[in-house]
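Okay, so here's the structure we're looking at.
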Amino acid sequence: MRLVTVVLIALLALIQIPLWWGHGGWLRVHELRQQLDAQLQKNADEKLRNERIAGEVQDLQGGTAAIEERARYEMGMVKDGEVFVQFVSPNAPAAPVANTPSNTSTRGEVSAAPVSVVPNPVSRAKPEKHHGGKAAQKPAHP
């Protein structure tokens, strides 16, 4: 009787091995569930990212406000007649400006150097040509 009990306990242990550590065992199922949960979370994050990008694309295609915002913040552009004012902390160190011969344009670069403000700037836009009557044809000197 004692031998039968030991054999049955040994067989029970042998049956448990594939159940716990086998190919379709409980530990493997638990590991796969964790991977599934992680993948579902990653998919949800990517779906949210895709929705944001789709909204941004729609804004860029549908209107000029998004394009204007990008031009202002990413490329440092301003409209004609606007004055760009930048407030700089007096304790902030001046950022070094790289002056390389190949890239002499400062468009889009932001400097920490103090900025002077011109109260009534002259527009660099081309003057509009007026077509019309005698007022446009007056000579400059009488």
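The values are calculated or read from the model by the stated rules, or taken from the named source; none is laboratory data. Predicted, not measured: the structure shown is a model, and the values here were computed from it. Reconstructed Cβ throughout: ideal geometry from the backbone, glycine too, with neighbour counts over all protein chains shown.
Residue count for segment 63-83 satisfying the condition of being in a loop (DSSP other than H, G, I, E, B), exposed (fewer than 12 other Cβ atoms within 10 Å of the Cβ) and out of contact with any helix residue (DSSP H, G or I) (no Cβ under 9 Å at 6 or more places or on another chain): 6. Look at (1) modelled with pLDDT of 85 or more; (2) loosely packed, with under 11 Cβ neighbours inside 10 Å; (3) of a type outside the set (Val, Ile, Thr) and you find that Leu32 fails only one, number (2).
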